[in-house]
Amino acid sequence: MTKPLYQQIYNYIIENIKSGQLKAGDKVPSEKELSEKFSVSRITSKKALDLLAQHQIIHRIRGKGSYISDKPHNVDPEKEIVQDTDVLDDNILIGAIFPDFDSAFGSKLLKSIEQKASEYKVSLVIKRTHGLIAGEEKAILSLVELGVKGLIIFPVDSEQYNREMLKLILEGFPVVVVDRDLKGIYTSTVMTDNKQAALQLTEYLFELGHEHISFISPPPKRTSTVDERLQGFQKAFLKHGLRYNTDYLLTEITSSLPPVIQSENYLAVLENDIETIKKLIMDHPQITAFVASEYGIAVTLKKALLMLEKQIPHDYSIVCFDCPDDPFDSPMFTHIRQMETEMGMTAVNLLMSQLKGDHVPMHTVMNYTLVKGRSTRSINV
């Protein structure tokens, strides 16, 4: 059986001690040097050095490096190299950071993270950021100070990445990001193929006979998720040789963003968004369907249509991402259902693999399903 990568590094140091190449007081190669030598992540090399320190073979000095202990008593030249070392210590503590969670998206994800963490017999601490960068940074700092060994982060919607999160990732701290693709950042992510899912939603409206379709979302620049959904919407038109009208794009809706929902002027922002949507509808009466980038926007859109005395789906069809189940009927909206439970469990599996020093994929794409609700109808008849 192939040894774990961290164990190969561990044994490499042991061999160098046995052969005399490394003596008491000598400096050990750094995490970066070992990761380059063995072509592994710094998470893996850190795991090897942590294990050597745990066995008192080396001692680590913050800001200076790692050194061979004066008496590396665990190294016996007459014995075999340490094999099958414990992969994880007891009482492992991990953290999960969420902007918020509701019945549309987030609650099942968090529940599955807690369930999977329990199966691994690790403790989980949950922090909520309320959609604020400052709240996210505070949550990260508090959890690291608490002693968590790894983090699962659902980043807030923002034009810039959180500095504390980037710092952890660059230092090789075990992190798994869910529902976001941190472009240009080398870390493990778990998310839906939002571009393909939005394409499928739009194609479904084509099948129903709709061509004049509007796309409504928060500003795409705030999150890779919204940007990818907009790209999928646009790609559907190109794929079918249709031309979409840029005047149908409404990408400045902010009332569904967590910080706005919790702000004192939320009702004023919501009212402004509703008026903006109403104006779009009145200015472009040829529109017959909408792709809403998320459930909260679909709800706001529905309010605007009802205020205009329009019926759904008789007058307009609406599709969106995520929608709560209705125990007595089909869901309110036809929507893309993301696999929250599988996403949460996969995130924990990836984090635990990082803690073991194993290789993990940088991008894990989850499946999804298109669920038909009460918000769409065919206009072909």
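The values are calculated or read from the model by the stated rules, or taken from the named source; none is laboratory data. Keep in mind that what you see is a predicted model, and the values were worked out from it rather than measured. Counting neighbours? That spans all protein chains shown, and the Cβs are built from the backbone with ideal geometry, glycine included. Just so you know, the surface numbers come from the protein's heavy atoms only, side chains and all, with ligands and any DNA or RNA stripped out. Shrake-Rupley method; radii C 1.70, N 1.55, O 1.52, S 1.80 Å.
Tally up the residues in the range 220-247 that are in contact with a Leu (Cβ under 7 Å, 6 or more places away or on another chain) and modelled with pLDDT under 90, please.
So the answer is 1.
Hey, any hits in the range 163-182 for a residue that's out of contact with any Cys (no Cβ under 9 Å at 6 or more places or on another chain), assigned to a loop (DSSP other than H, G, I, E, B) and among the β-branched types (Val, Ile, Thr)? First the steps, then the outcome.
We begin by selecting, within the range 163-182, every residue out of contact with any Cys (no Cβ under 9 Å at 6 or more places or on another chain); these are 163-182.
Narrowing the set further to residues that are assigned to a loop (DSSP other than H, G, I, E, B) leaves 171-174, 179-182.
If we keep only those that are among the β-branched types (Val, Ile, Thr) too, we end up with none.
No, the conditions are met nowhere in the range 163-182.
Please state which of the following conditions residue 152 fails to meet, knowing it meets all the rest: (1) under 20 Å from residue 301 (Cα atoms); (2) open to solvent by less than 20 Å² (accessible area, probe 1.4 Å).
Failed condition: (1).
Among the numbered criteria (1) more than 30 Å from residue 38 (Cα to Cα); (2) among the basic types (Lys, Arg); (3) surrounded by 14 or more Cβ atoms within 10 Å (Cβ to Cβ), which single criterion is violated by residue 372?
Answer for residue 372: the failing condition is (3).
Being closer than 30 Å to residue 93 by Cβ, at pLDDT 95 or above and part of a helix (DSSP H, G or I): is that true of residue 347 here?
Values: closer than 30 Å to residue 93 by Cβ: yes; at pLDDT 95 or above: yes; part of a helix (DSSP H, G or I): yes.
Against the criterion (closer than 30 Å to residue 93 by Cβ, at pLDDT 95 or above and part of a helix (DSSP H, G or I)), residue 347 qualifies.
Quickly run through the range 179-211 and pick out the residues that are of a type outside the set (A, V, I, L, M, F, W, C), open to solvent by 30 Å² or more (accessible area, probe 1.4 Å) and within 21 Å of residue 165 (Cα to Cα).
181, 183, 184, 186, listed by residue number.
Filter the helices (runs of 4 or more DSSP H) completely within the range 194-265 down to those with at least 3 residues that are without any contact (Cβ under 8 Å) to a residue 24 or more places away in the chain. I'd like the intermediate steps shown before the answer.
Working: elements: 194-207, 224-239, 258-261.
The helices (runs of 4 or more DSSP H) meeting that bar are 224-239.
Among (1) within 30 Å of the chain's Cα centre (by Cα); (2) surrounded by fewer than 12 Cβ atoms within 10 Å (Cβ to Cβ); (3) not charged (D, E, K, R), where does residue 241 come up short?
It is condition (1) that residue 241 fails.
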